[in-house]
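The values are calculated or read from the model by the stated rules, or taken from the named source; none is laboratory data. Since this is a predicted model, take the numbers as computed values, not measurements. Every residue, glycine among them, receives a Cβ derived from its backbone with ideal geometry; neighbour counts consider all protein chains shown. The protein model used for the area step is the full one, side chains on, heavy atoms only, and it has no ligands, DNA or RNA in it. Shrake-Rupley method; radii C 1.70, N 1.55, O 1.52, S 1.80 Å.
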Amino acid sequence: MEKKQMIYEGKAKRVYQTSDPNLLIIEYKDDATAFDGKKKGTIPNKGILNNKISAIFFELLEKNGIQTHFIKLLNDREMLVKAVKIIPIEVIVRNIVAGSLSKRLGLAEGTTLKKTVLELCYKSDELGDPMINHYHVLALNLASEEEIGRIEQTALKVNEILKNFLESRNIVLVDFKLEFGRMDGQILLADEISPDTCRFWDSSTKEKLDKDRFRRDLGKIEEAYWEIYKRVSS
Ligand code: TMP
């Protein structure tokens, strides 16, 4: 697969066209940002680890009937994916209170939620990804009623699959963010699923094994990403 022009560079990834218009290459970088890019840094080997961790999760989800953009790993930092058009909605799924939910509702971090919480955010860096609801999705024409319904059902199914898989590796899936894309009338799970986009806690010690170590200056950041890779790849 021939790598062609770079068409997008984000905070953690670059996307390239290929000789096939239906396929793209995603390259994972070591750059890390937080708080809408206000905090910047580098996590050595993060790109390699996120590429490989995402591939493991996408393969697991495909095996369980979730359609994703993932095709195959190409090398340490790159994967081949289907060229979907990303829907500008971030879908957040929460099992346990943490991060912005803890702040917003004044709930203690670590509280188990009685019911899984699903949140939608409008993907816009300038606006800081504001939270939206179904009315906004339809009013802004981001997705149809049927599409957003399907997206939410898929997000909840992804939660069940990942939660069970991670539990068997002594990892609690606290919360995570998903993005979806369209291709030929289908909606596919896209973007990445990694310690950058999920909160993972060790089941026994509740130690944070994700990007919160970077966001909150907790140290041992690279070690946490390695630990997740070690556990999900075994
Ligand atoms: P939050 O508690 O900061 O709203 O984050 C919820 C989840 O979404 C958490 O697992 C981290 C992930 N996330 C992203 O992937 N990208 C983002 O820009 C933000 C703010 C959160």
Practice problem: Putting +1 on Lys and Arg Cβ atoms and -1 on Asp and Glu Cβ atoms, find which of Gly185, Ile221, His136 reaches farthest to the positive end of the dipole of the chain. | Solution: Ile221
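If I compute solvent accessible area with a 1.4 Å probe over the protein chains, what percent of it on segment 100-184 is carbon and sulfur?
Working: 2560 of 4860 Å².
Roughly 53 percent, rounded to a whole number.
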Quiz item: If a helix is a whole DSSP H run, which ones in the chain reach 15 Å or further along their own axis (Cα) and hold a mean Kyte-Doolittle hydropathy of at least 0.0?
Solution: 46-63
Quiz item: Points 7 angstrom from Cα along the Cβ direction at Lys11 and Phe35: gap in nanometres?
Solution: 1.2 nm
Quiz item: Taking N as the number of residues in segment 3-76, what value does Rg over Cα atoms divided by 2.2 N^0.38 Å take?
Solution: 1.21
Quiz item: Based only on Cα atoms, what Rg/Rh ratio does segment 166-216 have, Rh being taken as Kirkwood's radius?
Solution: 1.13
Quiz item: From Cα coordinates alone, what are the radius of gyration and Dmax values for segment 124-172 in angstrom?
Solution: 15.0, 42
Self-check item: Accessible area, probe 1.4 Å, largest first, for residues Leu23, Leu218, Leu189
Solution: Leu218, Leu23, Leu189
Self-check item: Volume of the Cα convex hull of the chain, divided per residue and given in Å³
Solution: 132 Å³
Quiz item: If the limit is 18 Å between Cα atoms, which of Lys72/Lys163; Lys38/Lys206; Lys163/Lys206; Lys123/Lys163 go over it?
Solution: Lys72/Lys163; Lys38/Lys206; Lys123/Lys163
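Evaluate the Kirkwood expression for the hydrodynamic radius of segment 103-231, namely the inverse of the mean inverse distance over all pairs of different C-alpha atoms, and round to one decimal in Å. Mind dumping the intermediate values first?
Numbers: mean 1/r = 0.0608 Å⁻¹.
It is 16.5 Å.
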Practice problem: Could you sort 27-36, 119-128 so that the peptide with the highest average Cβ count within 10 Å comes first and the rest follow in order? | Solution: 27-36, 119-128
